[in-house]
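A short worksheet on the structure shown next.
Bear in mind that the values in this text are calculations on the coordinates, not laboratory data. Predicted model only: the values in this text are computed from it and were never measured. Here the Cβ positions follow ideal geometry from the backbone for every residue, glycine too, while neighbour counts run over all protein chains shown.
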Amino acid sequence: MHPGAGTRLVALLGDPVAHSLSPHFQNAAFAAAGVDAVYLALRCDGSAFPGLLRGIAGAGGAGNITVPHKTAAVPLLDVATPVVERTGACNTFWSEDGRVHGDNTDVEGFAAACRALIGAPAGARALVLGAGGAARAAVAALLEGRADAVHVLNRTIETARALATALDPGGRRVIVLPSREPLRREGYDLVVNATSLGIDDADPFPLDLELPARVGAVLDLVYRPGGTPWTAEAARLRVPAADGTEMLLQQGAAAFVRWFDRAAPVEVMRAALAGGG
Ligand code: NAP
């Protein structure tokens, strides 16, 4: 469908956005579903971002938000879902009844990726590396999925403590590790990389997988065709592993539902992602 006067703009707002795969698989989904919309990536800094978000929604458009604007988006919303309130982050926006709505579909995306790898996380013990936006989504999904314990290890301990306070104010299930040392005595059903390590080939592994007493499975939120160096290391150790592609796909499918109020053509999106950008 060629863009016309009635075409809806769906935009990815962030910086950088040049390497995002979202335009590729979302436009494939729009074509397959026959919706009159176009998905574009718009690189914007902190001063342009608020005007773009409110302006696009005001013109009937919608979109996604990525680094570094997910937190800054929250006070710009008229209606935020409870997941946005809990995680303090918004990655999807749209307009409804003249108001700007926002959700954080990274949580749903992580939950689906986790289910595909280990099944429901109920009763599981997990280790999350990192404490930024992706880590918040992972911890929120694990708590929602009734994981037994979620340990968090981050380079900056204060950020990890802020995450724990926000998501588990009672301090019952989220434990911040002060260092790697306790890992020697800990076993985990799932270890998640939610740091930025692995984006660059020269990066060290986010964790030596032989350090914890047991690692049942590895989920690297960094995505790369064919897997990441860390998922390859997991395979060498015969630990089931997945990269962040399924989470990317599922957060996008959930966003599609918010924008168009209809089921997403998930297999079309999966095929587009597998085919590359
Ligand atoms: P973010 O909010 O900027 O957080 C980055 C995290 O990485 C922080 O915990 C930071 O620690 C840590 N970190 C950065 N450089 C490090 C280093 N050299 N050594 C150790 N830790 C380091 O970013 P984000 O949005 O959470 O994204 C994190 C990763 O998840 C990215 O790779 C992103 O591509 C991926 N992601 C994937 C999906 C998906 O759909 N698959 C969705 C969202 C994000 P400090 O607190 O110490 O700075």
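The simple spin-label model puts a point 7 Å past each Cα toward its Cβ; for Ile199 and Ala274 those points are separated by 2.8 nm. Max-minus-min Cα coordinates of region 1-145 on each principal axis give 52, 33, 31 Å, with the largest extent listed first. For region 12-90, trypsin sites (Lys or Arg not before Pro) meeting the loop criterion (DSSP other than H, G, I, E, B) and having at most 10 other Cβ atoms within 10 Å: none.
By other beta-carbon atoms within 10 Å, ranking Cys44, Cys114, Cys90 with the fewest at the front produces Cys44, Cys114, Cys90. Seen from every direction in turn and averaged, the convex hull around the alpha carbons of the chain projects onto 14.4 nm².
Kindly express, to the nearest 10 degrees and within the range 0 to 90, the angle between helix 157-167's C-alpha long axis and the longest C-alpha principal axis of the chain. That works out to roughly 70 degrees. Taking the DSSP bridge list for the chain and keeping only pairs wholly inside it, about 20 percent are antiparallel.
Annotation for region 88-148: trypsin sites (Lys or Arg not before Pro) lying in DSSP loop with at most 16 further Cβ atoms inside 10 Å of their Cβ are Arg146. With a/c under 1.5 counting as rounded, go ahead and sort region 107-243 into rounded, prolate or oblate using the C-alpha gyration tensor (a ≥ b ≥ c being the square roots of the eigenvalues; past the cut-off, prolate if a/b is larger than b/c, else oblate). Since a/c stays below 1.5, the shape of region 107-243 is classed as rounded.
Packing-wise, with mean Cβ within 10 Å as the measure, how do 154-163, 22-31, 104-113 rank, highest first?
Going from most to least packed, we get 104-113, 22-31, 154-163.
On a 0 to 90° scale, report how tilted helix 49-58 is relative to the longest principal axis of the chain, with both axes built from alpha carbons and the result rounded to the nearest 10. Helix 49-58 and the main axis of the chain meet at about 50 degrees. Across the chain, Cα pairs under 8 Å and at least six residues apart give a relative contact order of 17 percent. Ranked by the mean number of other Cβ atoms within 10 Å of their residues, highest first, the peptides 211-217, 200-206 come out as 211-217, 200-206.
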